[in-house]
1. Within region 289-301, how many residues turn out to be outside any helix (DSSP H, G or I) and either small (Gly, Ala, Ser) or surrounded by fewer than 21 Cβ atoms within 10 Å (Cβ to Cβ) (or both)?
2. Out of Glu209, Glu197, report the one residue that is more than 23 Å from Ser103 (Cβ to Cβ), surrounded by fewer than 22 Cβ atoms within 10 Å (Cβ to Cβ) and of a type in the set (Asp, Glu).
3. Yes or no: region 133-151 includes at least one residue that is among the aromatic types (Phe, Trp, Tyr), in the same structural domain as Ala35 (by TED's automatic domain parsing) and either out of contact with any Asp or Glu (no Cβ under 6 Å at 6 or more places or on another chain) or farther than 26 Å from Ile88 by Cβ (or both).
4. Report, by residue number, each residue of region 397-419 that is surrounded by 19 or more Cβ atoms within 10 Å (Cβ to Cβ) and either assigned to a helix (DSSP H, G or I) or modelled with pLDDT of 90 or more (or both).
5. Name the one entry in Val179, Val252 that is surrounded by 18 or more Cβ atoms within 10 Å (Cβ to Cβ), under 19 Å from Gly331 (Cα atoms), at pLDDT 95 or above and in contact with a Leu (Cβ under 8 Å, 6 or more places away or on another chain).
6. Going by what's in this entry, would Ala357 be described as crowded, with 16+ Cβ neighbours inside 10 Å and of a type in the set (A, V, I, L, M, F, W, C)?
7. Picking from Val433, Val422, Val392, which residue would you name as being closer than 26 Å to Glu13 by Cα, among the β-branched types (Val, Ile, Thr) and without any contact (Cβ under 8 Å) to a residue 60 or more places away in the chain?
8. State whether one or more residues within region 306-314 are among the polar types (S, T, N, Q), within 25 Å of Val411 (Cβ to Cβ) and without any contact (Cβ under 8 Å) to a residue 24 or more places away in the chain.
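The values are calculated or read from the model by the stated rules, or taken from the named source; none is laboratory data. Since we're looking at a predicted model, the values are computed, not measured. Cβ atoms come from the backbone with ideal geometry, glycine included; neighbour counts cover every protein chain shown.
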Amino acid sequence: MGKYFGTDGFRGEANVTLTTDQAYKVGRYLGNYCARKKKNGERARVVIGKDTRISSYTFEYTIAAGISSSGTDVCMMHVTTTPSVAYITRTDRFDCGVIISASHNPFEDNGIKIINGSGEKMDGEVIAGIEDYLDGKIGELPFATGDKMGHIIDYISGRNRYIGYLISLGMYSFRDKRVALDCANGAAWSIAKSVFEALGAQTQVINAEPNGLNINKDAGSTHIEGLQQYVVEHGCDIGFAYDGDADRCLCVDEKGRVLTGDHILLLYAKYMKSRGKLVTNTVVTTVMSNLGLYKALDEEGIGYVKTQVGDKYVYEYMKEHKNKLGGEQSGHIIFSKYATTGDGILTSLKVMEVLQARKVPASKFFDELTLYPQKIVNIRVADKSVLSDGAVQAAVREAEEALGSEGRILVRESGTEPLIRVMVEAKTESECVELAERVACVIRAAAGTEGE
């Protein structure tokens with residue numbers, strides 16, 4: 001991770017740790033970078049999308065100004081999902097794409113995600129160049145003048161083509177299904193319902209009235225309790241919850257129980273294997289996936305690997321090893337045949353496909369995976385190097401010894417927030433809580449945040 005860019009782009013509190021000046025400079029660097037790559041007078045093009053938070057509108061035009069003033073054309077998809085920008089960047093042959101979103105974070109935060117012309121997360125060399133420019137290590141970049149300045153163009157048609165693409169992937173009619181969608185008052189609000197209704201579902205939507213301030217607020221995949229209650233009270237067959245930029249998806253079965261990303265990976269891996277489609281017979285996970293998933297995959301004779309946390313790392317491994325299915329417990333699921341990023345709406349369509357093909361209720365998917373109890377504690381720190389503290393390392397070793405082969409502990413830095421995350425899995429909930437809190441207390445003491 002760099003100084004500004006983490007595992008999922010440049011993220012921070014809007015106009016505090018991520019400012020409009022910085023956003024403009026990101027645009028200036030990208031515009032120059034793309035323009036320099038072109039030959040024979042060909043124009044470079046960048047596509048931009050954003051989520052619904054109030055600051056996204058400011059950052060959208062600020063970045064666009066930086067790009068266009070550097071001689072590169074800008075196409076604006078406006079409010080749309082992260083995976084839709086990745087799809088359009090790739091299929092419409094843009095030089096790169098920009099998504100303005102802080103994903104599942106509250107509205108006060110925002111972020112800048114950059115993807116390359118193949119629809120994949122931008123490579124480290126370009127990101128390092130942007131960071132150097134932000135820090136003044138690179139001299140002033142030239143401005144375009146006269147007819148060399150870039151155009152700024154409305155590109156809402158790109159979002160509509162993405163909707164059409166998702167609809168085209170529907171293998172079954174959903175006409176007999178009552179489906180609830182929680183759009184988190186985010187980017188999915190203008191897309192998800194159209195897709196499900198086109199495929200015939202009796203679609204009911206909650207949290208689809210964004211006002212710039214309510215994105216992810218008690219809604220979506222990080223606050224799924226409302227969808228659980230809604231599905232049960234309204235007799236829905238299944239519910240899907242997205243996050244602010246709709247690159248992740250969690251499910252709720254008809255009994256109101258949550259199907260995590262691990263449930264989704266298992267159900268779709270089994271479905272692919274049964275049809276001879278699970279190329280390499282391997283599912284790509286991260287270190288955060290539950291031990292229960294690995295035991296279930298072992299029983300099915302399906303292999304797995306573990307990467308760092310972040311769908312960026314999952315996809316990089318999948319691309320290198322030609323895997324077809326991977327993802328995270330949090331709901332970032334990648335179907336590499338169809339997408340280069342996690343895609344929440346695509347994931348929900350794939351879950352519906354299995355449900356319709358197997359002709360079983362969604363609760364069957366929940367019952368097929370027994371998760372180990374898991375406890376996650378987040379500790380806010382000023383300096384993540386606290387992990388190298390001797391007392392912290394000793395506490396982690398003691399927890400590992402106590403868990404033995406029947407559990408595990410993972411302590412890691414967050415790639416998007418100033419947090420240390422402690423995750424413990426064990427046979428019992430009480431053991432998880434006790435060990436996670438014990439290690440968290442040591443980290444707080446080492447970080448000087450005992451009273452927080």
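1. Matching residues across region 289-301 total 2.
2. Criteria check complete, one pass: Glu197.
3. Taking every residue of region 133-151 in turn, at least one turns out to be among the aromatic types (Phe, Trp, Tyr), in the same structural domain as Ala35 (by TED's automatic domain parsing) and either out of contact with any Asp or Glu (no Cβ under 6 Å at 6 or more places or on another chain) or farther than 26 Å from Ile88 by Cβ (or both).
4. Once the filter is applied, which keeps residues that are surrounded by 19 or more Cβ atoms within 10 Å (Cβ to Cβ) and either assigned to a helix (DSSP H, G or I) or modelled with pLDDT of 90 or more (or both), region 397-419 yields Ala399, Ile409, Val411.
5. Exactly one residue qualifies, and that residue is Val252.
6. no
7. Exactly one residue qualifies, and that residue is Val422.
8. Scanning region 306-314, I find at least one residue that is among the polar types (S, T, N, Q), within 25 Å of Val411 (Cβ to Cβ) and without any contact (Cβ under 8 Å) to a residue 24 or more places away in the chain, so the answer is yes.
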